[in-house]
Structures are given as structure tokens and as C-alpha cells.
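*Asks:* Please see the structure below; I have some questions.
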Protein chains: 2
Amino acid sequence: MRLYPDLGLKVFQAPSIGVALEALKEGFRKGELTIIIGRLSVDYHGRARSKLGFGERVVILKPDGALLVHRPHGHSPVNWQPPGSIFDFKRLGEKIVINAGRSNPLEKVTLTFDRIDLLVSSRLRDDAEFSLYVDEHDIRDALVSEPELFEEGFHVVTKEKRVPSGFVDLIGVDREGRFTVIEIKKGLAGRDSVIQLKRYIDGLKGEGGAAVRGVILASGLARGCQGLLDSLGLEFKRVDPRRCYEALMKRRGGGLQLELSRWFISS
Amino acid sequence: MRLYPDLGLKVFQAPSIGVALEALKEGFRKGELTIIIGRLSVDYHGRARSKLGFGERVVILKPDGALLVHRPHGHSPVNWQPPGSIFDFKRLGEKIVINAGRSNPLEKVTLTFDRIDLLVSSRLRDDAEFSLYVDEHDIRDALVSEPELFEEGFHVVTKEKRVPSGFVDLIGVDREGRFTVIEIKKGLAGRDSVIQLKRYIDGLKGEGGAAVRGVILASGLARGCQGLLDSLGLEFKRVDPRRCYEALMKRRGGGLQLELSRWFISS
């Protein structure tokens, strides 16, 4: 065992079962994050079941009860538990078993190690702020990707549509079948935005004739604009930049990337 | 540097900048997985932007180009790149900078380390099969959670509804407003399931009178049943157990768990 003074980092290479168990228990007791490189199998029982045979993987146990099991490829963990899981560590013959479970919902991940090559334990300090920035294009792309961020039942028809007075950010159809024109503003939407939206709608009405719904989507509405909106029969909706960011991030990697060999429907 | 014979594990504690850079480059060249514990900041530019100040974190670089940055809490990485990212490693004064980027979409994560406490590099072998098992309740719960797994525009009204002849698995309304009764079978659906579904529908018709759509959802339909289905005006749909599993897993942790301090809408 080696101690690195800055971080209280403990490093165990090829620890015996006794040493590994003690390190796991102590790490968790002390609120440390633990990383294991080793050979293990993974069983999940809860909502559905899954099984993964033995292989060399990276396991992260966080002090809040989060658990991650990573194979050597892909960005998604092959199995994980959210914060709040209860860990238990035990010896089973020549193996080490880690259970991570919750009671609500009732579920359990069981890791069975037949070899631990490295066990690292450390208390990490991280209070930094996470800041995100989305611009009008990001918001628009997020809505294209997840139209329900605008409202349930909404469908995008086109983005950046040219109309006589400029470019409409987004055009779609709402759940009641109404043609809907959305003007996106990054900050507070003011009189200019309202008047611009009105012009877009007038331009589109020329094309069809049916009623068109107009919505300003922004982080807020400038003072005194609500009356103008009302008088023109337009609406304001607040955008949630965090959900937009999440939608954009989610779209990048194509979901969970389960690399699945076999599946079963079982009783 | 210490070598553990089984795994070709290389462990560097508090490496100098030169040693760390060389280890990073060599690890990637050799198709190894690298784990870093250190103090770093994270900047993301691409779809939207994000910034995370300095803090102690765990970074995983996989040989396929996947990158994960984990804070000491939560099960979601605070930032990540999918497989296919190009890494580059460089020195910037007394710091080490790792860029992980892609050209389509154009995006880049920049990790700036002012301290590396541990760097571990290893070639991991993992060819195990991942098997999953879902039962009828799992499929039903997945549909409740993500009704679009059944079909777009579908809404669940109730599950396990009691009718004179038993319990209907799932009742909903489809995008055309039709009352829809779904019978879920774990394996092949046979004549029994078809007749059972027909009875359920007849039982429900007694309640309302409007047309009811009946669908068998299973991994397959037994031979000779298609004719019976057709003659009764019922449908068969194939269930995708993998997507059901993904829906159940996704629901567990409540999404990306961004622990967000501030957000910005920027130009």
C-alpha cells in the first residue's frame, strides 16, 4: 500500500482477498471513491434481469452509493446503480462479491470477482460549478430532437423556413393540429420579437389561410410585452435550457449502446 | 512504475508531466484503457457549451475513443465522448491538456489537469456475452414508462384492468383516438392468447360500446394464428425486449442527473 500525500490515495496491486475486503469496507466507511480493475461477472435482478459473464472491467464505487461497471469499450456502463444504493462486500470461497442494492425499486447488482488486479481508494474534493450555455440554434436543435420539450404532442415540420420578412426558427403542428410558428430568443423577448413573430405569421397566412398559432420561446418576456402579445393573439413560453442541453447531449451517442449478444423473454 | 504480470497493468503515482504524457500516448497507441485520478477542469464545445471548474475527478479513456469524466458523486458522467473520438495529449506550461474531439458533429471536450495523482493503463480482455431477460410485467412496465415503444402517439390509460374474463395487461388510446387493448405474451402467442384477447374486448365492449382495437404483443405468433387474428379483426405486434430493457434501466435513475449550478443562454 502506498500513500500519496495530496489526496490520501491508497493503491493496492493484486491485493489478497482479505486486504481487498478490508480496503473496500474502509473506503466506503470513510466516504472515499473506490476504483477496481479486475475480472468479474455481473448479475442484475430487478426490473428485468441481466447476466454478463467474466471479463476484465473497471468498477467505480462512489461514496453516495452510485456504482458503475465499465467494459473496455463504449461510453455507457454495462451496468450501474444510482446514488442511494447500499453496498455489501463479502468473501465467497476464493472470490469477492460486491452487492449493490436498493429496496425501492427492489433491485440488486452482484459483482463477483475472481481476480482483483488493482484497487484504488481516495477521498475526492470537487465543489466546482457546472455552467452551461445554449444559444438559439441549440434550443432549436433540441426541439427538433425532442419536440415534447415544447409541449406534448408537438411535431416539428420544418426549421429555418424562409418567409417574406425573414426566417422562421421553427414551424410545427401542435397536438390539436394547429399550425404553430415558434420564434426563439436567447434572452428576454421584447417588443421587436413580438412584432417579428406577428409578421412571420402574416407572411405564412398568405400561403394557406388557416389559423396559425404563434409562440415566443425565450428565457423571459420583457416588461410591458404581455399586453402586446395578448392583443395580437400570440403566446409566450419559457424555455428550459437545461432540458435542451440534456436533449442535445443524449442525441450524441445514440442511447445506451447495449452491445447485446442474446436476449430472452422469460417468466 | 510497477508491472502486474497478469494484466500488463502500469501504475504511475504522481507522475511528472513528461512521464504522464508519455504514458498517455503509449497507452493509447497500444490499445489500452487508461484511468486518471487528478485535479482538472472540463470545457465542452459543440452542441451547446459547458464549463466545469477545477476539481478532483476520475477520467477514463477507452481504446475505442470513448471518454468519461466522473465527479465524486452521481452515476452519470459530468462529461463524456462516444467511441470514435480522437484524443490528443499535450503539455501547456505546468498543465497537461487532453482534447477529445469529433468532426461530425463538430465537438470537443478539453480536460486541463493541474495535478495527476494516479495514472493507470492496462489492456483489458472482455469478450463475455451480455444476456437480458424480460418478463411480461417488465414489458408492461416499459410500455407504461415509454408508450412510444408500442407505437407513436400511444397513451396508456390503465394497466391490469379487471374485466369479467380476467385481467387485461394494458389499455390505452392510440394516435387515432381508438381504445386499444394489449395482451402481452413472453414467448410465442398462440390460439389461447388470441381467444383470451377476444374475450377481454367483448367484456370491455359491454362497458362502452365504441369500437375497441385489440393487439397481441409478443416475441412471435404461433403458426396458424394469423388467420384467426384476421378473422377476429385483431392485430399482432412484435415486442423488442432490448428496447424494453433500456426503457426500464433509463427510468431508474431519473436521467442525466445534471447537478447544475448555473445556466446561461448565450449567443
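*Asks:* Quick one: which of B:Gly53, B:Gly74 is within 10 Å of chain A (Cβ to nearest Cβ), surrounded by fewer than 21 Cβ atoms within 10 Å (Cβ to Cβ), touching a strand residue (DSSP E or B) at 6+ places or on another chain (Cβ under 8 Å) and not basic (Lys, Arg)?
*Replies:* After ruling out the rest, the residue left standing is B:Gly53.
*Asks:* Still on this structure, I have one more. Which residue pairs have Cβ atoms under 8 Å apart, sit 6 or more places apart or on different chains, and have a first residue in segment A:136-157 that is among the aliphatic types (A, V, I, L, M) and a second that is surrounded by fewer than 18 Cβ atoms within 10 Å (Cβ to Cβ) and part of a loop (DSSP other than H, G, I, E, B)?
*Replies:* A:Leu149/A:Asp240
*Asks:* Looking at (1) in contact (Cβ under 8 Å) with a residue 60 or more places away in the chain; (2) crowded, with 23+ Cβ neighbours inside 10 Å; (3) not β-branched (Val, Ile, Thr), which is the only condition B:Asn79 fails?
*Replies:* Here B:Asn79 meets the rest and fails (1).
*Asks:* Restricting segment A:82-111 to residues that are surrounded by 13 or more Cβ atoms within 10 Å (Cβ to Cβ) and within 8 Å of chain B (Cβ to nearest Cβ), which is farthest from A:Val59 (Cα to Cα)?
*Replies:* If we take residues in segment A:82-111 being surrounded by 13 or more Cβ atoms within 10 Å (Cβ to Cβ) and within 8 Å of chain B (Cβ to nearest Cβ), then A:Glu107 is farthest from A:Val59 (Cα to Cα).
*Asks:* If you take the residues in segment A:138-180 that are of a type in the set (Lys, Arg) and surrounded by 15 or more Cβ atoms within 10 Å (Cβ to Cβ), which one is nearest to the other protein chains (Cβ to nearest Cβ)? Write out each step before concluding.
*Replies:* As a first pass, look at segment A:138-180 and keep what is of a type in the set (Lys, Arg): A:140, A:159, A:161-162, A:175, A:178.
Within this subset, residues satisfying the condition of being surrounded by 15 or more Cβ atoms within 10 Å (Cβ to Cβ) are A:140, A:159, A:161.
Numbers: A:Arg140: 11, A:Lys159: 15, A:Lys161: 21 Å.
Here the answer is A:Arg140.
*Asks:* I've got another one for you. Give the residue, chosen from A:Asp114, A:Asp135, that is more than 10 Å from chain B (Cβ to nearest Cβ), open to solvent by 10 Å² or more (accessible area, probe 1.4 Å) and of a type in the set (Asp, Glu).
*Replies:* Numbers: A:Asp135 fails: more than 10 Å from chain B (Cβ to nearest Cβ).
Unique residue meeting the criteria: A:Asp114.
*Asks:* Next question. Within the set of pairs 6+ apart or on separate chains, which have a first residue in segment B:19-36 that is within 18 Å of B:Arg57 (Cβ to Cβ), a second that is part of a helix (DSSP H, G or I) and open to solvent by less than 50 Å² (accessible area, probe 1.4 Å), and C-beta atoms under 9 Å apart?
*Replies:* Final answer for the pair search is B:Leu33/B:Gly27; B:Thr34/B:Ala23; B:Thr34/B:Leu24; B:Thr34/B:Gly27; B:Ile36/B:Ala20; B:Ile36/B:Leu24.
*Asks:* In segment B:191-236, how many are surrounded by fewer than 17 Cβ atoms within 10 Å (Cβ to Cβ), within 27 Å of the chain's Cα centre (by Cα) and at pLDDT 95 or above?
*Replies:* Matching residues across segment B:191-236 total 0.
*Asks:* Out of the residues in segment A:237-267 meeting the condition of being in a strand (DSSP E or B) and at pLDDT below 85, tell me which one is least open to solvent (accessible area, probe 1.4 Å). Spell out how you get there, then give the answer.
*Replies:* The initial filter retains those residues of segment A:237-267 that are in a strand (DSSP E or B), namely A:237-238, A:262-265.
Now narrow it down to the ones that are at pLDDT below 85: A:262-265.
Details: A:Arg262: 100, A:Trp263: 117, A:Phe264: 65, A:Ile265: 32 Å².
Of everything passing the filter in segment A:237-267, A:Ile265 is least open to solvent (accessible area, probe 1.4 Å).
The values are calculated or read from the model by the stated rules, or taken from the named source; none is laboratory data. Because the structure is predicted, anything quoted here is derived from the model rather than measured. Cβ sites come from the backbone with ideal geometry, for glycine too, and all protein chains shown count toward neighbours. Please note that ligands, DNA and RNA were not included when accessible areas were found on the heavy atoms of the full protein model with its side chains. Shrake-Rupley method; radii C 1.70, N 1.55, O 1.52, S 1.80 Å.
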